[in-house]
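Before any comments, here is the structure.
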Amino acid sequence: MAAGDIPAVLKIEAVSFSTSWPVNAFTNELNENKLAHYFVGRLGGEIVAYGGIWVILEDSHITTIAVHPSQRGRRYGERLLVHLLDEAIARGASWITLEVRESNEVAQSLYRKYGFTNVSTRRAYYSDNNENAVVMWAGNLRGELYKNRLRALRAALDG
């Protein structure tokens with residue numbers, strides 16, 4: 001993701017989440033946070049998805065991931081998740097966490113497919129409706145078992 005991508009990202013953000021990140025949040029992540037790594041997915045030159053991670057030594061955290069509603073169900077979110085996992089591993093992470101809305105079963109199912117498990121609940125985490133967040137975690141990212149799982153899932157995704 002580059003600064004010029006932010007307007008397109010904000011459009012996806014607005015139609016994906018009831019509370020959106022402001023423009024300065026993305027600007028700060030890109031320009032100020034050396035632990036942050038953000039990416040966009042393009043289709044025909046148009047941004048249709050985006051996501052970001054923080055990597056702090058062996059720890060990584062998915063900060064955001066979204067696909068434009070008109071492009072959902074086409075596995076772009078899954079491809080972006082794989083890219084975020086690859087980036088985390090390449091940058092030395094051994095585990096990765098994220099928060100997801102308790103009601104977002106589709107996302108939770110995708111995360112479980114990639115080895116994430118529920119570790120806790122953050123009560124009233126989302127300010128728009130006080131919905132709980134499920135905290136999910138995947139570990140041993142650099143181990144052979146996880147590498148084999150990721151390799152098999154990537155092959156199925158590409159096949």
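For GLU78, the stated conditions do not hold, so it cannot be described as part of a strand (DSSP E or B), closer than 21 Å to ILE12 by Cα, of a type in the set (Asp, Glu) and modelled with pLDDT of 95 or more.
Only one entry of GLU32, GLU58 meets the criterion of being of a type outside the set (Gly, Ala, Ser), in contact with a Gly (Cβ under 7 Å, 6 or more places away or on another chain) and more than 14 Å from ALA8 (Cβ to Cβ), and that entry is GLU58. For the stretch 6-20, the condition holds for at least one residue, the condition being that it is at pLDDT below 95 and touching a helix residue (DSSP H, G or I) at 6+ places or on another chain (Cβ under 6 Å). Scanning the stretch 123-140 for residues that are out of contact with any strand residue (DSSP E or B) (no Cβ under 6 Å at 6 or more places or on another chain) and either at pLDDT 95 or above or not hydroxyl-bearing (Ser, Thr, Tyr) (or both) yields ARG123, ALA124, ASP128, ASN129, ASN130, ASN140. Being part of a loop (DSSP other than H, G, I, E, B) and either of a type outside the set (Ser, Thr, Tyr) or at positive phi (or both) is the filter here, so list the residues in the stretch 106-129 that pass it. Correct list: GLY115, PHE116, ARG123, ALA124, ASP128, ASN129. Looking at GLY115 and the list (1) farther than 13 Å from SER60 by Cα; (2) over 16 Å from the mean Cα position of the chain (by Cα), which single condition is not satisfied? Just one mismatch for GLY115, condition (2). Could you go through the stretch 89-105 and let me know if any residue there is part of a helix (DSSP H, G or I), among the hydrophobic types (A, V, I, L, M, F, W, C) and surrounded by 18 or more Cβ atoms within 10 Å (Cβ to Cβ). Within the stretch 89-105, one or more residues are part of a helix (DSSP H, G or I), among the hydrophobic types (A, V, I, L, M, F, W, C) and surrounded by 18 or more Cβ atoms within 10 Å (Cβ to Cβ).
The values are calculated or read from the model by the stated rules, or taken from the named source; none is laboratory data. Source: prediction; values computed, not measured. Ideal geometry is used to build each Cβ from the backbone, glycine not excepted, and the neighbour counts take in all protein chains shown.
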